[in-house]
1. Counting only residues that are in a loop (DSSP other than H, G, I, E, B) and open to solvent by 50 Å² or more (accessible area, probe 1.4 Å), which one in the range 434-458 is farthest from Glu373 (Cα to Cα)?
2. May I ask you to verify whether Glu101 is without any contact (Cβ under 8 Å) to a residue 60 or more places away in the chain and either over 19 Å from Val150 (Cα atoms) or surrounded by fewer than 20 Cβ atoms within 10 Å (Cβ to Cβ) (or both)?
3. If Ile152 passes every condition in (1) surrounded by fewer than 21 Cβ atoms within 10 Å (Cβ to Cβ); (2) in contact (Cβ under 8 Å) with a residue 60 or more places away in the chain but one, which one does it miss?
4. Which of the following residues is surrounded by fewer than 24 Cβ atoms within 10 Å (Cβ to Cβ), within 16 Å of Leu35 (Cα to Cα) and touching a Gly at 6+ places or on another chain (Cβ under 7 Å): Leu207, Leu177?
5. Just for the range 337-363: of the residues that are open to solvent by less than 40 Å² (accessible area, probe 1.4 Å) and assigned to a loop (DSSP other than H, G, I, E, B), which one is farthest from Gly27 (Cα to Cα)?
6. Residues in the range 184-191: is at least one among the polar types (S, T, N, Q), buried (at least 23 other Cβ atoms within 10 Å of the Cβ), at pLDDT 95 or above and closer than 18 Å to Arg239 by Cα?
7. Being over 22 Å from the mean Cα position of the chain (by Cα), of a type outside the set (Asp, Glu) and in a loop (DSSP other than H, G, I, E, B): is that true of Ala313 here?
8. Please verify whether Arg329 is in contact (Cβ under 8 Å) with a residue 12 or more places away in the chain, open to solvent by 50 Å² or more (accessible area, probe 1.4 Å) and either within 28 Å of Ser172 (Cα to Cα) or not acidic (Asp, Glu) (or both), treating the condition exactly as stated.
Amino acid sequence: MNPYALVIDGKRVETVAHAEVRNPSTGETVGLMPLATPAQLDLAVQTAARAFRSWSRTSDAERKKACHAVADIIAAHQEELALLLTLEQGKPLNGLGSRFEMGGTLAWTRYTADLTLPVEILQDNNEGRVELHRKPIGVVGSITPWNWPVMIASWHIIPAIRAGNAVVLKPSPQTPLSTIRMIELVNEVLPPGVVNVITGDNALAALMTAHPGIDKMTFTGSAETGRKVMASAAATLKRLTLELGGNDAGIVLADADPKQIAQGLFWGAFINNGQTCSALKRLYVHDSLYDAVCDELAAYARTVTIGDGQDEASILGPIQNEMQFNKVRDLVEDARARGGRILTGGAPIERPGYFYPITLVADVDHGFRLVDEEQFGPALPIIRYADIDEVIERANSLPVGLGGSIWSSNIEKARELASRLECGIAWVNKHGAIQPNAPHGGIKQSGIGVQFGVEGLKELTVAQTVLS
């Protein structure tokens, strides 16, 4: 098996040591991840800093053209990348799986390529002219997670280089191979050193976040790790964009139609097997509809095929790694022991790999770990409520605030209630839907800053005021 290599200054850089990357469906080795040394991290940062000096001076039109070239080369290799993604992440090729992720990668890349930040004229009169310019920051460090590794890498890379920065990216050690391959391709159309990739364990990530040559860190992952990133970056006062974990609430009002909303609720919760930061993770249902919503969700769950991601018939795959598998299993067992009613699933599937069925757990409440903690997997607690003001308060009671949703046949009422949710993005009659022109980010302990659209692009710049 040929080992993968780092990509620094547009070239493959070999490492002495490697780590196995395994397929979560089978346990088989997919490839060998290179383990970068601290010296190789330094080299990547120095290379990016050198590339930044010339890349930042390119015209807006040149950077736009380059980002479209990145999209074109990814598009030409999207099936190759999708298969590699399935092998290391586990998600199916079909449905909302690897091909869907590649489609999202292309959509975000092309949309971001066309964004621009023109000079803003704040004043122009006989007292003088005031201009606000947006300038690139420098070297952007990126750390990406294992749930949507290719798409989230594009969310970090494309706005950074569109604004004129250079990038050093470290993917999750669980899913590094598809990202390495994508960056190999990207380097065929970008100047050397503009985008570099290094791989390794958590110790390497800590060196990145503290590195004096990195001017900004963009991180997507858990709130626990986000706090470590923030603390590590403090010594050099790095700028930060942190998109962290959530425990998103969805609230079904008494006037909703259980049959109409069941499919939307299901995929709001279980897209990517529930391994999505802004998935629906706590479902509150009005007492008058509780049993009907439980029945409809359970019926829909039984139609979804779970299997190896390479099987074209699979709609959902395994949990990506053993740690997450054990966490989901433990949270479900805790809920069962405390009186939670298992509607579907509830025990690991007896086969190789980290397969766990869609698990719906009724008759739970706050104080259950499955409600209070982010499960990040295929288990959903369903909580009964009677009073709307009380349930809004309970939905807002946790220290996280990524997303939330209201489900109702009265759109105006739902919009008003959605505005009362303490979260960075709120939906009506959907959950988890994101798009490249709509800023996305968390509040409270779910993050700092936003991604996507013009507001997200601004996060990769510094403001300079020019008075004349």
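The values are calculated or read from the model by the stated rules, or taken from the named source; none is laboratory data. Everything quoted here is computed from the prediction, not taken from an experiment. Positions of Cβ are generated from backbone atoms using ideal geometry, with glycine treated the same way; all protein chains shown enter the neighbour counts. All accessible areas refer to the heavy atoms of the entire protein, side chains included, with ligands and DNA or RNA removed. Shrake-Rupley method; radii C 1.70, N 1.55, O 1.52, S 1.80 Å.
1. Asn437
2. No.
3. (1)
4. Leu177
5. Gly340
6. Within the range 184-191 (the criterion being among the polar types (S, T, N, Q), buried (at least 23 other Cβ atoms within 10 Å of the Cβ), at pLDDT 95 or above and closer than 18 Å to Arg239 by Cα), the answer is no, since none of the residues qualifies.
7. On the way: over 22 Å from the mean Cα position of the chain (by Cα): yes; of a type outside the set (Asp, Glu): yes; in a loop (DSSP other than H, G, I, E, B): yes.
For Ala313, the condition - over 22 Å from the mean Cα position of the chain (by Cα), of a type outside the set (Asp, Glu) and in a loop (DSSP other than H, G, I, E, B) - is met.
8. Criteria met by Arg329.
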